[in-house]
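Following: one structure in structure tokens, then a few remarks.
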Amino acid sequence: MPPVIAFLSRMSADYQRPYLHALRAALPGDIVAPLAELSSRQREQVSVAIVANPDPADISCLPGLLWIQSLWAGVESLVSTLPAGSPPIMRLIDPEMSRTMAEAVLAWTYYLQRDMPRYAKQQARHEWRQQAYRKPSQTSVGLLGLGELGQAAAARLRDAGFTVRGWSRSPKALDGIETLAGDDGLEAMLAASDIVVSLIPLTAQTRGMLDGRRLNLMKPGAALINFSRGPVVVTDALIAALDRGHLSHAVLDVFDAEPLPVTSTLWDHPSITVLPHISAPTDHETAAAVIAANLRNFRATGRIPGNVDLARGY
């Protein structure tokens, strides 16, 4: 009988269909199916589950489960909802996602460096005024988080001529990039950056990391890009910093609640660009190829993979 892999998610049928199609194409010898389509006998055979924000109760329906493969790079929701003693979790590490995120970071950094928010306001006023040009080499970008996504973004920014600094919880060394760590390093990075980009995972330690005190440490007139998770930034403190002109603009792709409620004041704030969580979408085909490779390695070696530290939350 072919190996059975459970696909656990709370996606709509239309949304999960392309993921299932890509996974089945990458794993032609396996049965890849949602839990509801598996018989009791098939559920007992499942040793690996591919998950995307699953119902935790579904995990308990798989008595032989050895490890969990996340379809997302971010796993904070999964970690926070699974009970103690759950199988190891493998988060998605997809080079295509790193490339896409680096592309988005560069694109929106250019947006801020080239004064696009100011020109949009001028257009609304029918005002023709050319602003002074600021070179990338005259623009300092600080990256909050230097994991796979952060390192790819840092390299892309460096190659585009920006002055790049990066902060991580533990010290790292990157070619051509000033790296900082610890509380003092975080404050130094914030104070030196014209644009701060958040790419850090959401954990108990990073929730509310960019609060009023730290936002006040940023350069007057600096801008913020949040491509990590909404709760990393204290929204009320950000709005206050924008309203009094301490910060010039914020590009937000992630929010405390998603989709962003239609009643949110963020939609209409003149110094905020709202994006619908599109900075680095999971690519169906490349994600399926990465997951298939992880499964082949597991079957060849018998080693149960897992790259999520449940104590750290990522």
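The values are calculated or read from the model by the stated rules, or taken from the named source; none is laboratory data. The structure presented is a predicted model; accordingly, all values stated were derived computationally and were not measured. FYI the Cβ positions are ideal-geometry reconstructions off the backbone, even for glycines, and counts take in every protein chain you see. Ligands, DNA and RNA are stripped out before the accessible areas are found, and what is left, the full protein with its side chains, is counted by its heavy atoms. Shrake-Rupley method; radii C 1.70, N 1.55, O 1.52, S 1.80 Å.
Scanning the range 60-84 for residues that are at pLDDT below 95 and not in a loop (DSSP other than H, G, I, E, B), we see that the one that is nearest to S228 (Cα to Cα) is E76. In this entry, P54 is excluded by the filter for residues that are under 30 Å from Q151 (Cα atoms) and open to solvent by 30 Å² or more (accessible area, probe 1.4 Å).
For the range 91-109, the set of residues classified as among the hydroxyl-bearing types (S, T, Y) and not in a helix (DSSP H, G or I) is empty.
Touching a residue at least 24 places away in the same chain (Cβ under 8 Å), open to solvent by less than 50 Å² (accessible area, probe 1.4 Å), more than 24 Å from D94 (Cα to Cα) and in a helix (DSSP H, G or I) - does that describe any residue in the range 285-297? No: the range 285-297 contains no residue that is touching a residue at least 24 places away in the same chain (Cβ under 8 Å), open to solvent by less than 50 Å² (accessible area, probe 1.4 Å), more than 24 Å from D94 (Cα to Cα) and in a helix (DSSP H, G or I). The set of residues in the range 20-38 that are open to solvent by 70 Å² or more (accessible area, probe 1.4 Å) and closer than 20 Å to M90 by Cα contains only R24.
Each row is one residue, and each column tells you yes or no for (1) assigned to a helix (DSSP H, G or I); (2) open to solvent by 50 Å² or more (accessible area, probe 1.4 Å); (3) in the same structural domain as L149 (by the TED database).
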| position | (1), (2), (3) |
| --- | --- |
| M189 | yes, no, yes |
| A204 | no, yes, yes |
| G208 | no, no, yes |
| R214 | yes, no, yes |
| K219 | no, yes, yes |
| S228 | no, no, yes |
| V254 | no, no, yes |
| P261 | no, yes, yes |
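Screening V290 against (1) within 17 Å of E96 (Cα to Cα); (2) in contact with a Ser or Thr (Cβ under 7 Å, 6 or more places away or on another chain) leaves a single unmet condition, (2).
Do we have any residue at all in the range 120-128 that's open to solvent by less than 70 Å² (accessible area, probe 1.4 Å) and of a type in the set (G, A, S)? Scanning the range 120-128, I find at least one residue that is open to solvent by less than 70 Å² (accessible area, probe 1.4 Å) and of a type in the set (G, A, S), so the answer is yes. Taking the criterion of being more than 21 Å from the chain's Cα centre (by Cα) and either of a type in the set (S, T, Y) or under 18 Å from Q113 (Cβ atoms) (or both), the only residue of the range 178-192 that qualifies is A192. Here the range 162-180 is the region considered, the condition is being more than 27 Å from L78 (Cα to Cα) and of a type in the set (A, V, I, L, M, F, W, C), and the residue that is most open to solvent (accessible area, probe 1.4 Å) is A173. A single member of Y133, Y119 is in a helix (DSSP H, G or I) and of a type in the set (F, W, Y), and it is Y119.
Filter the range 72-91 down to residues that are surrounded by 17 or more Cβ atoms within 10 Å (Cβ to Cβ) and among the small types (G, A, S), then give me how many there are. Matching residues across the range 72-91 total 3. Going by what's in this entry, would G313 be described as surrounded by 16 or more Cβ atoms within 10 Å (Cβ to Cβ), at positive phi, within 17 Å of the chain's Cα centre (by Cα) and not assigned by the TED database to the domain that holds Q16? It is true that G313 is surrounded by 16 or more Cβ atoms within 10 Å (Cβ to Cβ), at positive phi, within 17 Å of the chain's Cα centre (by Cα) and not assigned by the TED database to the domain that holds Q16. Considering R41, R17, the condition of being surrounded by 12 or more Cβ atoms within 10 Å (Cβ to Cβ), over 15 Å from I291 (Cα atoms) and of a type in the set (K, R) is satisfied by R17 alone.
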